[in-house]
Amino acid sequence: MGTVIYPEVTIGDRVRIYQQVTVGRKDAHLPRAQSRFEWLTIGDDVVLFPGCKVLGGAGVTTIGRGTLVGANAVLMNSTGENEIWAGNPARLVGHRKDLARPATGPNTDIDTEAAASWARANV
């Protein structure tokens, strides 16, 4: 068993989905007819790192353009654009910098100061 993507999911352009990712609904224990889940939309330029779970709730869940979901994170709500989510349950830990600029080295698209601050506070 590897990556699982439910049929009620729309995936944008340039989305990277790594191994062992699940994208679906958080009430999978219910029969589909009883679920209030409608749809899950993943915006352009999103990165879903290995093992993360993106689980939509009632209505439509949207993962905003440019959002990063960290390895093994469990995200159960919509996000804004260019956000970094990590943990279980997933929490907002930072924001990505401008995606339009050219990369100049490793991790240049991540707000490393915000990520480091979160790491210091949550160790």
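A few points about this structure:
- Stretch gain in nm, segment LEU30-ILE11, where the contour uses 0.36 nm per residue and the Cα spacing is subtracted: 4.4 nm
- Largest-first principal axis extents, alpha carbons of region 1-89, Å: 33, 25, 22
- Normalised alpha carbon radius of gyration of region 18-62 [divisor 2.2 N^0.38 Å]: 1.22
A short reminder: the numbers here are calculations on the coordinates, not readings from a lab. Small disclaimer: the values here were computed from a predicted structure and weren't measured.
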